[in-house]
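Here is the structure we will look at, set down as structure tokens.
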Amino acid sequence: MIDATTPPRKLKGAHPFLLAPSVLSADPLAIGTSIDNLEGEADWIHVDIMDGHFVPNLTYGPALVKALRRRYPDAFLDVHIMAERADDFLDMFVESGASLLSVHVEATHHIHKVLQTIRNRGIRPGITLNPGTPVQTIEPILNMVDLVLVMSVNPGFAAQKFIPEVLAKVKELVRYRTANGLDFLVEIDGGVDANNAKMLVTSGCDVLVAGNAIFGSENPAEMARKIKNAVSTQPQTFAQREL
Ligand code: DX5
Ligand code: ZN
């Protein structure tokens, strides 16, 4: 059974990576239908919470997470909070039914306390890095998190261009994890598609978020399968994986 105490690496099971479609690119009037149209190809569901302050865009609040939990009781709801002072409204999200809550280190005043609170409330804590934020910023709390979300675009909007420089941080995180015996997952978010998926997994990403690539395509389920196939068609890349 998967719950907040399951070791993070176990969340991946036998698969080389997890695919987390972002509903930001789904039709807001038909989010449920868009998820159903994935025909079970989503490993996680990624939900982007934006506050119009930390990022120049507004999306949803805990009500959407609650509704998703009601409709998909067994889904892994990966909630990415892009908001200033997540400290102030954490309770709402803790009670929403999220499986994992990631907060931005750049936007959270008391990061240690927030991560501690999330964990104590039985939810998995994640930490997010903007493209310009170095890994060193989060080293003191890496032993507290189940996931590090590496932003590969500046947060706020879907369908932006992938920033390749952030891959150095993915590799650095993988090296740090091995050297320190930790087991957090590394997630990448922004500009992911079937063309770069294999390279991302080879570089060490455990979870790929994809919004526009999946929900912007004519057949989202087929695109999800295409991304998975793009990764698995060359299994030798895993053996070569740089740790
Ligand atoms: C951007 C969000 C992403 C977004 C990714 O701020 O955090 O999750 O949905 O969209 P794509 O995959 O279209 O870049
Ligand atoms: Zn996101």
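Observations, loosely collected:
- Condition check for A26: buried (at least 17 other Cβ atoms within 10 Å of the Cβ) and over 28 Å from K10 (Cβ atoms): yes
- Condition check for D51: over 22 Å from F184 (Cα atoms) and among the charged types (D, E, K, R): yes
- Residue identified as within 16 Å of ligand 2 (Cβ to nearest atom), of a type outside the set (S, T, N, Q) and surrounded by fewer than 17 Cβ atoms within 10 Å (Cβ to Cβ) among K161, K113: K161
- Residue in region 1-14 that is within 16 Å of ligand 1 (Cβ to nearest atom) and crowded, with 21+ Cβ neighbours inside 10 Å present: no
- Residue in region 136-146 that is under 22 Å from L90 (Cβ atoms), within 12 Å of ligand 2 (Cβ to nearest atom) and surrounded by fewer than 22 Cβ atoms within 10 Å (Cβ to Cβ) present: no
Here is a yes/no grid of residues against (1) within 15 Å of P155 (Cβ to Cβ); (2) surrounded by 15 or more Cβ atoms within 10 Å (Cβ to Cβ); (3) among the aromatic types (F, W, Y); (4) under 18 Å from the mean Cα position of the chain (by Cα):
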position	(1), (2), (3), (4)
H53	yes, no, no, no
R70	no, no, no, no
H80	yes, yes, no, yes
F93	no, yes, yes, yes
A107	yes, yes, no, yes
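- A86 vs. criteria over 12 Å from the mean Cα position of the chain (by Cα), modelled with pLDDT under 95 and either surrounded by 22 or more Cβ atoms within 10 Å (Cβ to Cβ) or farther than 19 Å from V47 by Cβ (or both): yes
- Taking the criterion of being over 19 Å from D78 (Cα atoms) and surrounded by 19 or more Cβ atoms within 10 Å (Cβ to Cβ), the only residue of region 175-192 that qualifies is R177.
- Taken together, the residues in region 55-65 that are buried (at least 17 other Cβ atoms within 10 Å of the Cβ) and over 26 Å from E222 (Cα atoms) amount to 4.
- Selection from region 51-65 of residues that are within 11 Å of ligand 1 (Cβ to nearest atom) and farther than 20 Å from I214 by Cα: F54, V55, P56, N57
- Selection within region 140-151 - more than 8 Å from ligand 1 (Cβ to nearest atom) and either part of a loop (DSSP other than H, G, I, E, B) or free of Cβ contacts under 8 Å to residues at least 60 places away in the same chain (or both): P140, I141, L142, N143, M144, V145, D146, V148, V150
- Residue list for region 31-50, restricted to those being within 12 Å of ligand 1 (Cβ to nearest atom) and either more than 25 Å from G13 (Cα to Cα) or not β-branched (V, I, T) (or both): W44, H46, D48, I49, M50
- Flag if H80 is touching a residue at least 60 places away in the same chain (Cβ under 8 Å) and either touching a Phe, Trp or Tyr at 6+ places or on another chain (Cβ under 9 Å) or not small (G, A, S) (or both): yes
- Note on region 152-191: residues that are part of a loop (DSSP other than H, G, I, E, B), more than 8 Å from ligand 1 (Cβ to nearest atom) and more than 23 Å from L11 (Cα to Cα) total 2.
- Scanning region 192-225 for residues that are more than 16 Å from ligand 2 (Cβ to nearest atom), closer than 13 Å to F17 by Cα and part of a loop (DSSP other than H, G, I, E, B) returns a single hit, G204.
The values are calculated or read from the model by the stated rules, or taken from the named source; none is laboratory data. Bear in mind that the values here come from a model prediction, so they are computed numbers and not experimental data. Cβ atoms come from the backbone with ideal geometry, glycine included; neighbour counts cover every protein chain shown.
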